[in-house]
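Please read the structure below before turning to the comments.
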Amino acid sequence: MSNLSANSLFHFTSNLNYLESILQNDFIPRFSLEHILESSEHPLDDIEMAFPMVCFCDIPLSQTTQHMNTYGNYAIGLSKEWGLKNRVTPVQYYYRESPNFDAFLKLLSFINENIEEDNTHKKEMTMQILRVGLYKKIYEGSFFRGSDYLKDVVKFYDEREWRYVPELSDLVKLKLYPSLEKKDFLNKKLREDRNKSMEALKLKFEPKDIKYIVVKEDNEIIPIVESLKKSKRKYSYEDVQIITTRIITSSQIKEDF
């Protein structure tokens, strides 16, 4: 019987340079544009906001073909134990009529309407409720890539997403922006500046945590191995030898899995 979930968490990306950067510099949270639907009981304009995060999918490699078509043919897979230790968390999916999203908005509204502004606990309660919201995602919708949304609707539920979001308290402490409005996100220079600021909040991993590396074609295997050997991260000879055995191509996955 095949598993519905994987024993690894995979982060897919669109090109070899991005993959090499992760291997050398760990994960740096990047702002991702999220489409937040209105609630049936709490009507409001649909909101598009960007938040810093690192996203993973919990999908067996044999079932990742569609995911690669959307996110790219390069990936790093890390152990789920690593993910749990670093508080990488499965998201909760919702749709416009879903009670879990209504309950989230009711809690937020209750705090805003019934707790005095000078209450010493209001700010902390609001922050924690908003943090819960950062681990919610729409069941299906449009995926933003590059400078616009893809034409096809993506069923995000199929991705079994796990997500790392920096602690809001850490963002506040370092005076970093916890979110971007869509108009600011679309400003490439501003977005890149905000992404660069997230280097202070890296999601780190060790060579032993790496279970898979996925490149697109066979001719990229040697370059990725050479990149590991020259990495500032200082992979040991033994690390490189072991990781080399864990490199697979997306072509293999699509043809043979």
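The values are calculated or read from the model by the stated rules, or taken from the named source; none is laboratory data. Because the structure is a prediction, the values reported are computed rather than measured. Using ideal geometry, Cβ is built from the backbone for each residue, glycine included, and neighbour counts are taken over all protein chains shown. All accessible areas refer to the heavy atoms of the entire protein, side chains included, with ligands and DNA or RNA removed. Shrake-Rupley method; radii C 1.70, N 1.55, O 1.52, S 1.80 Å.
Do we find that Lys136 is touching a residue at least 24 places away in the same chain (Cβ under 8 Å), over 30 Å from Val215 (Cβ atoms), of a type in the set (D, E, K, R) and touching a strand residue (DSSP E or B) at 6+ places or on another chain (Cβ under 6 Å) in this structure? Against the criterion (touching a residue at least 24 places away in the same chain (Cβ under 8 Å), over 30 Å from Val215 (Cβ atoms), of a type in the set (D, E, K, R) and touching a strand residue (DSSP E or B) at 6+ places or on another chain (Cβ under 6 Å)), Lys136 qualifies. Being more than 26 Å from the chain's Cα centre (by Cα), over 17 Å from Ile28 (Cβ atoms) and open to solvent by 90 Å² or more (accessible area, probe 1.4 Å) is a property that Lys234 lacks.
Cβ-Cβ distances below 8 Å connect the following pairs, each with a first residue in the range 77-102 that is free of Cβ contacts under 8 Å to residues at least 60 places away in the same chain, a second residue that is part of a strand (DSSP E or B) and open to solvent by less than 40 Å² (accessible area, probe 1.4 Å), and a separation of six or more residues or different chains: Gln92/Lys136; Gln92/Lys137; Tyr94/Lys136; Tyr94/Lys137; Tyr94/Ile138; Tyr95/Ile138; Asn100/Tyr94; Asn100/Lys136. Residues in the range 129-141 that are open to solvent by 40 Å² or more (accessible area, probe 1.4 Å) and at pLDDT 85 or above: Val132, Tyr139, Glu140. What are the pairs with Cβ atoms under 7 angstrom where one residue, in the range 12-33, is assigned to a loop (DSSP other than H, G, I, E, B) and the other, located anywhere, is basic (Lys, Arg)? Sequence gap at least six, or different chains. Cβ pairs passing all conditions: Asp26/Lys202; Asp26/Lys204; Ile28/Lys202. All conditions in (1) among the aromatic types (Phe, Trp, Tyr); (2) open to solvent by 90 Å² or more (accessible area, probe 1.4 Å); (3) at pLDDT 95 or above hold for Phe205, with the sole exception of (2).
Scanning the range 142-164 for residues that are on the phi > 0 side of the Ramachandran plot and either surrounded by 12 or more Cβ atoms within 10 Å (Cβ to Cβ) or β-branched (Val, Ile, Thr) (or both) returns a single hit, Arg160.
Out of Leu84, Leu78, one residue alone is of a type in the set (A, V, I, L, M, F, W, C), more than 21 Å from Phe31 (Cα to Cα) and crowded, with 22+ Cβ neighbours inside 10 Å. It is Leu78. Filtering the range 157-179 to residues that are among the β-branched types (Val, Ile, Thr) and either within 15 Å of the chain's Cα centre (by Cα) or under 14 Å from Leu203 (Cα atoms) (or both) leaves only Val165. For the range 165-202, a residue qualifies if it is open to solvent by 30 Å² or more (accessible area, probe 1.4 Å), assigned to a helix (DSSP H, G or I) and in contact with a helix residue (DSSP H, G or I) (Cβ under 9 Å, 6 or more places away or on another chain), and the qualifying residues are Ser169, Asp170, Val172, Asp184, Leu190, Arg191, Arg194, Glu199, Ala200.
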